[in-house]
1. Among the residues in the stretch 64-74, are any at pLDDT 85 or above, in a helix (DSSP H, G or I) and acidic (D, E)?
2. Scan the stretch 9-25 residue by residue and report those that are surrounded by 10 or more Cβ atoms within 10 Å (Cβ to Cβ) and either at pLDDT below 95 or assigned to a helix (DSSP H, G or I) (or both).
3. Can you tell me which residue among E78, E28 is at pLDDT below 95, more than 17 Å from the chain's Cα centre (by Cα) and either in a helix (DSSP H, G or I) or exposed (fewer than 10 other Cβ atoms within 10 Å of the Cβ) (or both)?
4. For the stretch 45-69, which positions are among the small types (G, A, S) and more than 32 Å from the chain's Cα centre (by Cα)?
Amino acid sequence: MPKIDQATIGATLIPVPDRRVQDRIVAELAEAEAVSSQLDRDLSAAVVESTALRRSLLEAAFSGRLTGHASCVDRVQEPR
C-alpha cells in the first residue's frame, strides 16, 4: 500500500502469545492432525471394504446364489 512506509511497519507491534500458550496450540494442532490422519486411514479402509462387498454382492446376484436362479428372467411373466 502506498501510504504505509517502512517506519510505520517497523513500529507496528504484533502480539505474540507466551510460550505456554504456543506450546498448547502446537499440541492441539498435533492432536488434530493425528485424528485427521486416522480418519483418512479409516475412510480408505471403508472404501476398500465397500468395493469388495459390492463386488461380492453383484457376483452372488448374477450367479444365482442370492435367489437360487442364475437368471430371474424365468420369473418374469408375459403381459396378458
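The values are calculated or read from the model by the stated rules, or taken from the named source; none is laboratory data. Small disclaimer: the values here were computed from a predicted structure and weren't measured. Positions of Cβ are backbone-derived with ideal geometry, glycine not excepted, and every protein chain shown enters the neighbour counts.
1. No; the residues of the stretch 64-74 include none that is at pLDDT 85 or above, in a helix (DSSP H, G or I) and acidic (D, E).
2. V21, Q22, D23, R24, I25, listed by residue number.
3. Only one candidate qualifies: E78.
4. The answer is S63, G64, G68.
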